[in-house]
Each structure stands twice: as C-alpha cells, then as structure tokens.
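Report on one structure; see the data block that follows.
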Amino acid sequence: MLSDMKLIPHSHLGMPGRVQQHTLVYLAGVAALLAVFLDLSRIASMGAILYLLMDLTIHWGVLRHLRSQIGASAAVVITAIVLDSIVLGAFIWYKAWTDPLILGAATALVLIVVGFVAAFLRVRAD
C-alpha cells in the first residue's frame, strides 16, 4: 500500500512477482545478515528496542496530528507514551550494562533509517 501511494521507494531489482514477494525477499535478506552477525537473543533485543521506538513514534504522531480526527483520548495516548518510555528506558539501561553492542547497532540502524527517510522525502517533496 505504501509503495502504491509512493510513500516508500520500491524497486523490482529484476525480480519477477508482486511487491509482497519482493518484501519477503528483502526481509529474508536482512534476517540472514542479522543471523550472521548476531545471535538470537541480540536480534530479539534489537527488535524490542526498535519496536518500542516505533510504538513511541506512532503514539506521538497520534497525539500531535491525528488525535482530534480519530477521537483518541489524550490521557490514554499519554499513558501509552509514558509506559513505553519506562519500558524502553529500563531495557536500554539494562542493555547498556550487559550488551552495549546492541545499543550501538540499534542506534546506527535508526540513524540509517532516518537518513534514508529524510533523503526520500526530500526527493519526493510533491
């Protein structure tokens, strides 16, 4: 859907099939790269960090831009933000002491994604 709306880039890279099949191939490639460099507990830790960051971002966007349009309760959204922040903070604090490599990898991945999104949105300003 996001490809059809031209909100994310998509290239067939010479592969036959639909966008969903290509996404599966890309996901398998990323999973293989992660499996080569990290064990399953590290992959799960990075997934938890990235998921909580994504959840916080979505809640913030709802609070700032969509709350009145969708009828969301500000108290519920703020509570979700606070609880997600507590969990993420505790998890990051624990990982800082036990496995700081994951924090570095997650930070690098977030910066790469934000950089690509910024560049893509600059090009697709229409």
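Which of the residues spanning region 79-118 are acidic (Asp, Glu) and assigned to a helix (DSSP H, G or I)?
At the first step, the residues of region 79-118 found to be acidic (Asp, Glu) are 84, 99.
Hit for region 79-118 is 84, nothing else.
Among the residues of region 90-110, write down those that are within 17 Å of the chain's Cα centre (by Cα) and either small (Gly, Ala, Ser) or not assigned by TED's automatic domain parsing to the domain that holds residue 54 (or both). Step through it out loud before you land on a result.
Going through region 90-110, the residues within 17 Å of the chain's Cα centre (by Cα) turn out to be 91-92, 102-110.
Listed by number, the residues that qualify are 104, 105, 106, 108.
Suppose we keep only residues that are under 18 Å from residue 90 (Cβ atoms) and exposed (fewer than 14 other Cβ atoms within 10 Å of the Cβ) within region 39-52. Which one would you say is nearest to the chain's Cα centre (by Cα)?
Only one residue fits best here, namely 51.
Contact list please: Cβ distance under 7 Å, first residue in region 11-27 and assigned to a loop (DSSP other than H, G, I, E, B), second residue modelled with pLDDT of 70 or more, pairs at least six apart or on different chains.
12/22; 15/22; 15/25
Scanning region 62-75 for residues that are part of a helix (DSSP H, G or I) and surrounded by 13 or more Cβ atoms within 10 Å (Cβ to Cβ), which turns out farthest from the chain's Cα centre (by Cα)? Lay out the reasoning, then the answer.
Taking region 62-75 first, the residues part of a helix (DSSP H, G or I) are 62-70, 74-75.
Checking which are surrounded by 13 or more Cβ atoms within 10 Å (Cβ to Cβ) leaves us with 62-63, 66-67.
Working: 62: 16, 63: 18, 66: 20, 67: 21 Å.
The extreme case among them is 67.
Name the residues in region 86-126 that are surrounded by fewer than 12 Cβ atoms within 10 Å (Cβ to Cβ), β-branched (Val, Ile, Thr) and over 16 Å from residue 54 (Cβ atoms), would you?
Correct list: 86, 98, 123.
The values are calculated or read from the model by the stated rules, or taken from the named source; none is laboratory data. The structure displayed is predicted, hence computed values, not measured ones. Methodologically, a virtual Cβ is constructed for each residue, glycine included, from the backbone with ideal geometry; neighbour enumeration extends over all protein chains shown.
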